[in-house]
1. I'd like to know which of B:ASN229, B:PRO200, B:SER217 lies farthest towards the positive end of the charge dipole of the stretch B:182-252, counting +1 on Cβ of Lys and Arg and -1 on Cβ of Asp and Glu.
2. List the residues of the stretch B:308-350 that lose 50 Å² or more of accessible area once all protein chains are present, compared with their chain alone (1.4 Å probe, heavy atoms only, no ligands or nucleic acids).
3. Enter the buried accessible area of the B/A pair, total of both sides, probe 1.4 Å, in Å² rounded to the nearest 100.
4. Using a probe of 1.4 angstrom, how much of the accessible area of the stretch B:578-642 is carbon and sulfur, in percent?
5. For the stretch B:197-345, with every protein chain kept in place, what is the accessible area per residue (1.4 Å probe, Å²)?
6. Run the label-point distances for B:SER481 please: 7 Å along Cα to Cβ, every other copy, nanometres, shortest first.
7. Placing the label point 7 Å from Cα along the Cα-to-Cβ direction, what are the distances from B:THR301 to the equivalent spots in the other copies, shortest first, in nm to one decimal?
8. For the stretch B:631-682, just the Cα atoms, rotate onto the principal axes and tell me the three extents in Å, largest first.
Number of protein chains: 2
Amino acid sequence: MASLSDILVSAAINSSSALLFLVAFAILRLQPINDRVYFPKWYLKGIRDSPTSSGTAVKKYVNVDVKMYLKFLNWMPAALRMPEPELIAHAGLDSAVYIRIYLLGLKIFCPITFLAFAVLVPVNYTGENFEQMKETMKDLTYSNIDKLSISNVPSGSKRLFAHIVMAYAFTFWTCYALYNEYMIVTKMRLHFLAAERRRPDQFTVLVRNIPPDDDESVSEHVEHFFCVNHPDHYLLHQVVYNANALGAMVVTKKSLQNWLTYYTNKFERNPNKRPTTKTGFWGLWGKNVDAIDFYTEQIETLTKKEEAERERVLNDPKAIVPAAFVSFKSRWGAAVCAQTQQSHNPTIWLTDWAPEPRDVYWDNLAIPFVELNFRRLLMAVALFGLTFCFMIPIAFVQTLANIESIQKVFPALKPVIEMGSVKSFIQGYLPGIILKIFLILLPTIIMTMSKIEGYTALSALETRSAGKYHLFLFVNVFLGSIITGTAFQQLKEFMNQSPAEIPKTVGVSIPMKATFFITYVMVDGWSGIAAEILRLVPLIIFHLKNAFLVKTEKDREQAMDAGSLGWAISEPRIQLYFLLGLVYSTVTPLLLPFIVVFFAFSYLVFRHQIINVYDQKYESGATFWPDVHRRIIIGLMISHILFLGLLNTKKASNATPFLIPLPILTFWFFRVCKGRFESAFRRFPLVDAMRKDTLERATEPQLNLKLYLQDAYVHPVFKGACEFERRPMVEEEEEENQLVATRRGLHRDHVQGTQEDTSQDRIGISAV
Amino acid sequence: MASLSDILVSAAINSSSALLFLVAFAILRLQPINDRVYFPKWYLKGIRDSPTSSGTAVKKYVNVDVKMYLKFLNWMPAALRMPEPELIAHAGLDSAVYIRIYLLGLKIFCPITFLAFAVLVPVNYTGENFEQMKETMKDLTYSNIDKLSISNVPSGSKRLFAHIVMAYAFTFWTCYALYNEYMIVTKMRLHFLAAERRRPDQFTVLVRNIPPDDDESVSEHVEHFFCVNHPDHYLLHQVVYNANALGAMVVTKKSLQNWLTYYTNKFERNPNKRPTTKTGFWGLWGKNVDAIDFYTEQIETLTKKEEAERERVLNDPKAIVPAAFVSFKSRWGAAVCAQTQQSHNPTIWLTDWAPEPRDVYWDNLAIPFVELNFRRLLMAVALFGLTFCFMIPIAFVQTLANIESIQKVFPALKPVIEMGSVKSFIQGYLPGIILKIFLILLPTIIMTMSKIEGYTALSALETRSAGKYHLFLFVNVFLGSIITGTAFQQLKEFMNQSPAEIPKTVGVSIPMKATFFITYVMVDGWSGIAAEILRLVPLIIFHLKNAFLVKTEKDREQAMDAGSLGWAISEPRIQLYFLLGLVYSTVTPLLLPFIVVFFAFSYLVFRHQIINVYDQKYESGATFWPDVHRRIIIGLMISHILFLGLLNTKKASNATPFLIPLPILTFWFFRVCKGRFESAFRRFPLVDAMRKDTLERATEPQLNLKLYLQDAYVHPVFKGACEFERRPMVEEEEEENQLVATRRGLHRDHVQGTQEDTSQDRIGISAV
């Protein structure tokens, strides 16, 4: 167990590494050459131009203004300067609400920290269990941090009532803050939705599992069905093509195009020698050929194939999947269709809000109902396996990757392996690296699982993945660190314990793990967040692309990777800090300041990032908030149960009845909040739909909605098909243009108030 | 432990008591004087007339035809004769589907019994554990029934795989039968709904939590809201008055009226002496007065008060609760409004399908949203207390009701108590009677809890109560009988056991309790069902009323109590038999024939009862089926878990992996069924609404829907207000007339096909 001085040393190391990252960031961001890495958002919005286009040659790449280096922290006040309404207009509601999670962390934990240090620390410090413990139990290592924790209070002491009262105070404060925040976010969302400009998804419903009909095509069937059952509201529909093969071709072509650009550039720089390549995989083996000719030819062949496939998809009735986007004459009509059941067979004619066009996950639109059930069963089993048995395959690979087996498989490597340093590397680092590789792959694995489950929107995929990752972190990081051993062993142990024993087992080791988690917060939280702002990986990739692939200014824009918040991974991580803070608030208050620093620092960093860097792929209007709320409440209830277990080991079981109501009341609070707020995030109320419809009819009586919606939901590979010949990366470009248009629209919308103007809509239409 | 011969004796006793009930029933039902007790349904339908109105004096009361007594079981084939479509038309879909539960029991358990006797009984019988057991463990009492059960198979024997295979076979068969039945019931429901004649609830939505408005009354507010937000569909609305006080007055008046009738009858029979009564409570003390004058005066006072209250309620705007019944021009419009969210604040303007007028529970319409949350929290805690601690207050009352304390409180009773027979009665029977009284009160307690929870329809109240009673029976009858001791002790014990131990503890005692449950099935199932058909309590009450309160033929109709199925109590009881059958199917197959007999006998009896006796208060169209299905699946999963626990004690833990998939697959099956069928029971699809609307528009273009719906949802105390002077029991009468009309309508509907005729609707309107 680390002592207070160990913690201080660790804090010093981590603070300075965080500081190092910040200084590196401050220097790098001032270099014009990195401008597109650190301010991509402004480029995407079209507000910032390449600094490389003006000035001297040196100034193009390096910033030589010394004064600017001195103010290396001035991004911090700058990040705070933008007011929230402008932030919403600039970065979207999703991002603005996302950073409110950190703010919520501060709101919850600042008063809790203050109260805990004012009440619990003195109570613990004067508990004087420590001296006794030291005398009686020499084998247990207690540090002076434990003098400040509940471990210092003797078993059965009356002092424990202070902790119980504080548990109530903390819970009430947390619930109060959560309720307030839920209310604020709900208001923000409703205001955002009310002020939103016209979007195709407001009028559109996604219909899945259209039953086959012998006499009619899918398109006719949909039209007849909605003409009959929504006669006053149906406007038009768009069928969905199964263009997965075509999509794969587009991706391949893009990669070929990249290689062609690479070799063309190479040839231009060195016109004496035509570059060559090999015909095999990744140019590693095979016949030597002229690279430029080879790739030009390949692209031509593929273009022809693609054209044929495009024709086939458009003309083959079998390429139409039994799903369609159905648009209505009014938002009211769409809201009605999305919320009601159409057929008495609930497995056909399933209607739900259409995701916005950018948000559609096209590959999953064709999955039939029964198959969905199978897929979800399978993935539930897989998630259980992943969470509780994830150490087993890793341990297996680790045993395979030891020195003896490597020597057996590659006898030639024997002399290399037997070198001292290589040997120690293999023995010491290889298992760790294998684990790390797995942890890096984990988000992809989880996302693939969500895709297999068959959700049809990217936002739904992210939400689902976040849930899975949250479970994984709770079991393998939180529980796994407290009870050492793999999760599978834990599970086996738990199964053989009484249910009342589990919280005790976990509870009793919580105070002992406080120092570990303090270190964890500093390493993962402080340094990790500082690394986030440095954007090392995008920086390297951008410069690589810049060096090899960029020819025109447009290519440079392509090379820019703005990235996004990565909801599926980052939100569950925040939840871990909430959980740690809530669990340790009554046990070891010393952990709390570290959590507060984490939230404050993250708030700053992410506010800077969403202003300058991230570019969200879609806008959901903060639909994720109920998940955030629910997970914090889960954390709160876990903290109650573990505290109960801890108190039971403290021979304070007569205090148990006082604590039992706490989780019950918390759960009830959760139900109340769910009833009070959640439907604002799940359904679109008719009153609001009607209001927007009426307003629109009054302000734009001439609007041709049919034209506006006609091509809104076309598979991306069919968009701008004619442009494919001209520019190969048109698909992504197209999407980004649209993004810019949307943002611009939003921004202007905000500035000009809620009144919409037709010129924006023209931009919207042309972008679509 | 009872031996096989004990079981046979018990079977003989119970069979003969059941037979006795049947003979008594056969004799009593043939007496014309009891005709209204045993055939009330036919009277309510207006098909049967009082037999007392014709024939000689003797024949009026006693049936003297000897031949009819000989065929005393001929009600059985008669009960089976009516075909199902006619049964639905005669008794409603609820009743027809209810008896299908028994049929489902037969479908599930007949093949299981056959298979279990063909495979498991031989395997068990030749297991020869019994002889060993007898030698090694003298203290455990094994009977020869155990030779046929799994107890006879030695631990760790390969024979146990037969049981595992059978567990799979039974589960698959049960799921297959459940799936089929769900499909059939869904079809029946959809067919029933499609063929249903016009009913007010098809066009009406119940709106609750209407927000207060300073400028408008509730009525105006509702009208404006729906005119704006459902402009093409809104037709009219009816506000709800808080008439609870008025309702209480009506009840009081009815009771006074009964007393008046009683004394008038008394005076008529004995005209020499005017009857007197005392003014105090129930006429027990107070001043002696002339009874007829006294009650006439009382009724007059109350009538005036009632009139004033009626005026107050109708004119005071505060008497209007913030709820309303809103009717639409089409079923489509109502379906849309019921299924969508109106306001973005989900605690106001809550819309849901209106229950049919007879089904409305008026008292709960005014409860605000936040209070509902509090009430449900409270009732959840209360249900937990009721289920797990219900023995505590009873034990407390039982200790109070011992001889010493009775002597202390009533010293005067001392000589009486000290008499030998009284003393032994108090000691031997009083605790049992207190328990029995509680068990009789239990349904009322549970129903009161559901009422406090705030449901607005009688059908919802029954559904909720059934859920609570099911939990109670499972914990206190099933678990309570297996692990002797009160449920609270069990809970404490379970909390201190590991989760894996619980199924073991229960599982190991299951085979030992087989004989107890066989006896239970015979006593509660066989004799209980035979007692049901005898209708002893309604018989006595009818004759009492007949003797004292009946003056006219109409009064006699009032005295008739047809009763109803009592869903809240009877369904959970059936579920107990399903649970027993499923749990013992692999353990002690000997129990199965008793279950099969129970289901067959119940099917007969209840088919007879719904044809001749019961008169359902409302018609829900079998909305309860998802509950039935869910509870059988719960029983199936409990049987899996207990079988797993049992096998673990049999040292067959290597068999565990083979059984683990069973509950998981069952749960998945449940999810599939839920997705596939449930929404047909919960929501009203737009396709069907549109089809009925279109048909109606085509066949009855002249229909004045406004007139039809105008007074459909008027609080019963306001119905026929003008008639109150003439006939005091108009309220109930009214309701019954309506029932008759509805049934008649349904019946004719069926006979004539789905084509509706206007004359029926005229009946419907005039009845309403």
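The values are calculated or read from the model by the stated rules, or taken from the named source; none is laboratory data. Being a predicted model, the structure only gives us computed values, none of them experimental. No Cβ is skipped: glycine too gets one built from the backbone with ideal geometry, and neighbour counts run over all protein chains shown. Heavy atoms of the whole protein, side chains included, go into the accessibility calculation; ligands, DNA and RNA do not. Shrake-Rupley method; radii C 1.70, N 1.55, O 1.52, S 1.80 Å.
1. Value: B:PRO200.
2. B:TRP332, B:GLN339, B:THR340, B:GLN341, B:HIS344, B:PRO346
3. Details: alone 36730 and 36700 Å², together 69590 Å².
Answer for the B-A pair: about 3800 Å² buried.
4. Roughly 73 percent of what the probe reaches on the stretch B:578-642 is carbon or sulfur.
5. 48 Å²
6. Once sorted, the set of distances for B:SER481 reads 5.2 nm.
7. In ascending order, 10.7 nm.
8. Taking the Cα atoms of the stretch B:631-682, the three principal extents are 46, 17, 6 Å.
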